[in-house]
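Trainee: Please read through the structure below; I'll follow up with questions.
The values are calculated or read from the model by the stated rules, or taken from the named source; none is laboratory data. Everything quoted here is computed from the prediction, not taken from an experiment. Heads up, the Cβs are rebuilt from the backbone with ideal geometry, glycines too, and the neighbour counts pull from every protein chain shown.
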Amino acid sequence: MSVPFDAKESIVSQENLVLHSMSEVVAAVPHFLGVHPQDSLVVVPEVTGDAPVARVNMPHGAPQTAAVARGLARAYAGAGVGVVLLAYTEHPDVARRVCDTVRERLESAIPVIGAVMVDGDGWVRLDGPNRGEVTQSDRDLMTAEFLLLDRPMPYATPGQLRQAYAPGRPVADELIAPAAERAAAAARGGPEGEVERQWITAILGRAAAGGTVLPEAYAARLIADVQHIPLRDQAWASMERSTAPRHAELWRDLLTRCPDSPASPEPSSSPGSAVAAVASLAAFAHWLDGDAVKARVALDRVPAGTAYQMARLINLALELGMDPRTWSASDDVAGPHPDPSPSPKSGLSRAIRESPKPPPGPGPAGPHR
């Protein structure tokens, strides 16, 4: 049976979805994350629009647990809302140890209103006697609610999620070659550059509005364009939080269709594999949508050893738990003719030009949704 929260413990999403019981919270978590969590610690705030839903791999051992607690405390400092901790594990001792350590660290900054162990469909409060089970009715309710919010259904396993970003059928070489020539000319600026920037804005706007899959010729042209930083930044600046989910799906699809090295008549201004630019744009769209789990999966497609600054920037934002609401395209992307030199501006544009370095310490320093 489901045990209702107290009134103060109800969970409210940014889309005004109110969750009244712990069973509903557990049923909603895969929709918040985009995947059913396994061996994870999930943090759900009272109001998810005011603070992120976070997921980290379940830490093992005191040093890892302490590092996770520090990262979560930093990410939620000043959030102004309470949170629920959900430990997805079949080991009660591990769940209690991790939740107690994280709770102790978090409560100096924000209240922890519940700590729960989740094992399959069952859940049990670690800070009280209540327990329950997620029913099919709970799952159906959450599926219907998130479908009404136009949110994609969660993947059943992390493996299925990674497969959705894996290489598929790349666009044909005979389409990539002329697209690369057009992109190289447009990247030099002038009338051709202005025409191409207008095309990028228009095609991305239509695709984001309609949620359509781009035809092969358009896909080839967009993939070739974003190999050049001025044109990539045009695509980057077209993203807003309200359209981020559609942009994320568009770039995810392009990532599965992107050849490793599109032909080009001259070196592009974005070094490394062609996949790096597309993967970075997909990751950024997911981050902007508050979905760090999928952002990391997209970043995993950047080939090892590829020094691509945009990918490093997004990785840094994820490690630090940066709030995507701080993003402003007008402030952080320097328009259609970005200055490649270091800029006195603050924000993401300065960070990307200054080649940010990952913070010291273990990987899970910040929350990963």
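Trainee: Has region 118-135 got any residue that is modelled with pLDDT of 90 or more and either basic (K, R) or within 21 Å of E319 (Cβ to Cβ) (or both)?
Mentor: There is at least one residue in region 118-135 that is modelled with pLDDT of 90 or more and either basic (K, R) or within 21 Å of E319 (Cβ to Cβ) (or both).
Trainee: Touching an Asp or Glu at 6+ places or on another chain (Cβ under 6 Å) and surrounded by 16 or more Cβ atoms within 10 Å (Cβ to Cβ): is that true of A184 in this structure?
Mentor: Working: touching an Asp or Glu at 6+ places or on another chain (Cβ under 6 Å): yes; surrounded by 16 or more Cβ atoms within 10 Å (Cβ to Cβ): yes.
Here the answer is yes, as A184 does meet what is asked.
Trainee: I'm checking my understanding of the structure. Among residues of region 92-118 that are part of a helix (DSSP H, G or I) and of a type in the set (A, V, I, L, M), which one is nearest to P45 (Cα to Cα)?
Mentor: Within region 92-118, the match that is nearest to P45 (Cα to Cα) is L106.
Trainee: Next up: Name the residue that is farthest from the chain's Cα centre (by Cα), counting only residues in region 300-322 that are assigned to a helix (DSSP H, G or I) and over 18 Å from A75 (Cβ atoms).
Mentor: Q309
Trainee: Of these, G205, G193, which one is out of contact with any helix residue (DSSP H, G or I) (no Cβ under 6 Å at 6 or more places or on another chain) and either in a helix (DSSP H, G or I) or closer than 20 Å to P303 by Cα (or both)?
Mentor: Criteria check complete, one pass: G205.
Trainee: At pLDDT below 85, of a type in the set (K, R) and within 26 Å of the chain's Cα centre (by Cα): which single residue out of R151, R162, R169 fits that description?
Mentor: R151
Trainee: Another question, if that's okay. Does region 71-91 hold any residues that are modelled with pLDDT of 85 or more, outside any strand (DSSP E or B) and hydroxyl-bearing (S, T, Y), and which are they?
Mentor: Within region 71-91, T89 is the sole residue that qualifies.
Trainee: Of all residues in region 187-202, which are surrounded by fewer than 20 Cβ atoms within 10 Å (Cβ to Cβ) and β-branched (V, I, T)?
Mentor: Within region 187-202, V195, T201 meet the criteria.
A quick yes/no check of all residues on (1) crowded, with 21+ Cβ neighbours inside 10 Å; (2) not assigned by TED's automatic domain parsing to the domain that holds A276:
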{"residue": "P152", "(1), (2)": "no, yes"}
{"residue": "A164", "(1), (2)": "no, yes"}
{"residue": "A179", "(1), (2)": "yes, no"}
{"residue": "R206", "(1), (2)": "no, no"}
{"residue": "V213", "(1), (2)": "no, no"}
{"residue": "I229", "(1), (2)": "no, no"}
